[in-house]
1. Out of the residues in segment 80-128 that are among the hydroxyl-bearing types (Ser, Thr, Tyr) and farther than 20 Å from residue 391 by Cα, which is modelled with the lowest pLDDT?
2. Looking only at segment 11-45, count how many residues are of a type outside the set (Asp, Glu), farther than 30 Å from residue 156 by Cβ and surrounded by fewer than 17 Cβ atoms within 10 Å (Cβ to Cβ).
3. Would it be correct to say that residue 304 is assigned to a helix (DSSP H, G or I) and either surrounded by fewer than 19 Cβ atoms within 10 Å (Cβ to Cβ) or in contact (Cβ under 8 Å) with a residue 24 or more places away in the chain (or both)?
4. When segment 234-269 is examined, which residues are found to be of a type in the set (D, E, K, R) and touching a helix residue (DSSP H, G or I) at 6+ places or on another chain (Cβ under 9 Å)?
5. Given the conditions (1) open to solvent by less than 60 Å² (accessible area, probe 1.4 Å); (2) among the hydroxyl-bearing types (Ser, Thr, Tyr); (3) not in a loop (DSSP other than H, G, I, E, B), which single one is not true for residue 388?
6. Do we find a residue being closer than 24 Å to residue 213 by Cα, without any contact (Cβ under 8 Å) to a residue 60 or more places away in the chain and of a type in the set (A, V, I, L, M, F, W, C) anywhere in segment 143-165?
7. Looking at residue 132 and the list (1) open to solvent by 10 Å² or more (accessible area, probe 1.4 Å); (2) over 18 Å from the mean Cα position of the chain (by Cα); (3) closer than 20 Å to residue 423 by Cβ, which single condition is not satisfied?
8. Answer yes if at least one residue in segment 153-167 is among the aliphatic types (A, V, I, L, M), open to solvent by 20 Å² or more (accessible area, probe 1.4 Å) and over 16 Å from residue 42 (Cβ atoms), and no otherwise.
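The values are calculated or read from the model by the stated rules, or taken from the named source; none is laboratory data. Values in this document were obtained by computation on a predicted structure and should not be read as measured data. Here the Cβ positions follow ideal geometry from the backbone for every residue, glycine too, while neighbour counts run over all protein chains shown. The protein model used for the area step is the full one, side chains on, heavy atoms only, and it has no ligands, DNA or RNA in it. Shrake-Rupley method; radii C 1.70, N 1.55, O 1.52, S 1.80 Å.
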Amino acid sequence: MERVIQTKKGRVKGVELDGYTVFRGIPYAQAPVGEMRWKRPEPVEDWDGEYVADTFRNMCPQNMPDPETPWGAGYYKEFYSEEEYVPPMSEDCLYLNIWVPDSAQDGSALPVAFYIHGGGFSGGYGSEKEFDGAAFCAKDVILVTVNYRVGIFGFFAHPWLDEEYEEGVSGNYGILDQIAALTWVYENIAAFGGDPANITVFGQSAGSMSTQVLISSPLTRGMIAKAILQSGVSCNERILYTPTLEEEEKIGEDFVQITGAVSLDELRALSWEQLMVYKEKLDQGNFMKLKDALVLVPNADGYVLKKTVRDVWKDGEMAAIPTMAGVTLEDLGSLPEEVRKGNFGILLEECRRWSTGCAQAHGIPAYLYGFAHPLPGDEWGANSFHSSELWYVMGTLGRCWRPMQQEDYDLSEEMVCAWTNFMKTGEPSGDWRPYTQEDPYVKIFR
């Protein structure tokens with residue numbers, strides 16, 4: 001295919017590599033800076049000439065994993081220790097990346113994988129070391145990754161902000177960014193050889209929670225054909241915070257009190273570095289009060305979400321589409337004694353509920369999986385930690401510091417095939433059957 005694509009906003013030039021072309025850092029919305037901070041994303045302006053998409057662009061300001069802490073050290077070494085994969089920080093962060101196989105020709109309609117990164121809604125970015133589209137392109141699937149606003153920039157709700165929109169809502173800016181990126185892809189991906197009628201949204205951790213939000217929201221109907229939820233589904237348990245607007249506004253009022261600001265103008269005049277300092281104080285206070293620092297998250301505002309995602313699931317109002325869902329062995333909420341016995345924890349129970357609810361509501365049970373493959377190199381990897389499957393799903397084992405063996409590459413090939421087959425047909429592969437009460441099948445990757 002040609003390296004220059006005519007989008008609805010202008011011509012974009014990618015970087016041609018072996019078997020595919022990558023378009024790095026395409027703007028999908030205006031920079032949310034200055035007066036645009038804490039406002040809904042606005043469409044990017046048309047540009048003249050060729051936009052050279054050869055560089056991964058800024059991540060939203062965030063606190064990176066601290067290599068001096070036990071928790072942070074593991075994730076820092078695993079995903080963030082190599083500077084070449086860590087872009088600058090800026091509120092000007094609304095960019096997406098597209099990997100397009102050479103098999104995409106004029107008139108092609110390849111399936112599209114739209115990936116949402118995790119990071120607890122407070123971190124992460126779409127060009128992390130473990131993300132790459134080469135393996136998907138080898139299977140004739142287009143991969144899209146996105147940056148979106150996180151933390152205080154993406155999920156700050158407050159009555160001051162409610163007044164700016166007739167719906168009287170605030171927060172959810174990060175989700176609205178995702179919807180803006182999805183809309184851009186839906187409207188432009190045909191020019192790259194993709195099929196806008198066959199977009200699979202998938203994500204891990206907060207990206208999985210985001211995926212559940214998107215397929216629970218009326219704002220995305222008709223744009224998502226399938227979904228994959230990795231380590232983040234909320235049905236019945238309260239392990240993952242799913243607040244109302246009012247609950248999130250209380251967190252926002254605490255934040256304003258910490259800043260000492262007396263108006264929205266004062267808040268918008270603060271630098272992002274100052275906001276990050278105040279946000280860290282907010283996290284510390286909430287951890288002491290709520291035993292949970294993960295509080296800046298999507299809220300049920302009546303606009304993006306008519307009700308919480310748990311209530312959407314209970315009422316069977318999620319999109320009627322094929323889904324996959326699964327967990328790792330040492331995942332969120334897994335108890336040490338469960339992990340030692342090789343048993344999956346509470347999140348897999350939520351996945352079972354998810355599939356049962358999908359079957360009851362739409363007659364489309366989900367495909368469930370558990371990732372219990374020990375990663376070589378250390379004890380943490382041996383327990384299949386939260387996020388460990390990403391190397392295998394993305395086919396990026398060659399970037400990992402771990403001494404991967406042939407069995408790891410074989411497993412990665414199996415998982416890449418399953419994920420991309422699902423994106424093509426709605427069925428993963430082989431003997432992997434959907435989970436039903438009559439046949440409670442869970443595919444285990446060991």
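1. Once the filter is applied, the top-ranked residue is 108.
2. Within segment 11-45, residues that are of a type outside the set (Asp, Glu), farther than 30 Å from residue 156 by Cβ and surrounded by fewer than 17 Cβ atoms within 10 Å (Cβ to Cβ) number 4.
3. no
4. 237, 238, 248, 249, 253, 254, 266, 268
5. With respect to (1) open to solvent by less than 60 Å² (accessible area, probe 1.4 Å); (2) among the hydroxyl-bearing types (Ser, Thr, Tyr); (3) not in a loop (DSSP other than H, G, I, E, B), residue 388 is out only on (3).
6. Yes, the conditions are met somewhere in segment 143-165.
7. (2)
8. Narrowing segment 153-167 to residues among the aliphatic types (A, V, I, L, M): 157, 161.
Those still in the list that are open to solvent by 20 Å² or more (accessible area, probe 1.4 Å) too: none.
There is no residue in segment 153-167 that is among the aliphatic types (A, V, I, L, M), open to solvent by 20 Å² or more (accessible area, probe 1.4 Å) and over 16 Å from residue 42 (Cβ atoms).
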